[in-house]
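The values are calculated or read from the model by the stated rules, or taken from the named source; none is laboratory data. The structure presented is a predicted model; accordingly, all values stated were derived computationally and were not measured. Here the Cβ positions follow ideal geometry from the backbone for every residue, glycine too, while neighbour counts run over all protein chains shown. The accessibility values were calculated without ligands, DNA or RNA, using every heavy atom of the protein model including side chains. Shrake-Rupley method; radii C 1.70, N 1.55, O 1.52, S 1.80 Å.
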Amino acid sequence: MPAIVHFEVRFKPDHVGDAAKYLAETLAATRAWPGNQGIEALVDDADPCHILVVETWATTQDHDDYAAWRATPEGRSALHEVLAAKPSKQVYSTTLPLGL
């Protein structure tokens, strides 16, 4: 099963107008990473500073390799400069059989 990653960010209000620019710059490397199958950025209807980035990865290991690279100086982006809080991340790679 693919891994679905939810990456939640909250932009500082004075930078929300630049959210698409910052995310596009940051997520271009994410999309190009081996195993990345797609990315969407969803804006919270009640709070435009709150954005959920949904990433699809071929495997959890592909995402783990990418996340390790992001933790290096070479992988660091400028996104942290415009965020109001530390991002949160959840990785989903197991499904429940619902029989629906």
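General observations
- For the chain, calculated [θ]222 nm from helices alone, where every DSSP H run of n ≥ 4 adds -39500 (n - 2.57): -8000 deg cm²/dmol
- Working note: Debye formula, equal point scatterers on the alpha-carbon atoms of region 1-53, no solvent; log10 I(q)/I(0) at q = 0.27 Å⁻¹ is -1.12.
- Spin-label model, V91 to M1: label points 7 Å out along the Cα-to-beta-carbon direction sit 1.5 nm apart.
- Relative contact order of the chain, pairs being alpha-carbon contacts under 8 Å that are 6 or more residues apart, as %: 45
- Selection of GluC sites (Glu not before Pro), region 29-90, meeting DSSP coil and at most 16 other Cβ within 10 Å: E74
- Crossing angle, helix 19-32 versus the chain [Cα axis fit, 0-90 degrees, rounded to tens]: 30
- In order along region 77-87, the phi-based Karplus estimate (6.51 cos²θ - 1.76 cosθ + 1.60, θ = phi - 60°) of 3J(HN,Hα) comes to 10, 7, 4, 4, 5, 10, 8, 7, 8, 5, x Hz; Gly and Pro are listed as x.
- Accessible area per residue in Å² at 1.4 Å probe, computed on region 1-59: 54
- Most positive-pole-ward Cα, L52, A84, P34, against dipole of region 24-100 from beta carbon charges: P34
- Carbon plus sulfur fraction of accessible area for the chain, probe 1.4 Å, in percent: 58
- A84 long-range amide H proximity, modeled H, under 5 Å: R10, F11, K12
- Interchain or long-range residues, amide H under 5 Å from V53's placed H: F7, E8, V9, L42
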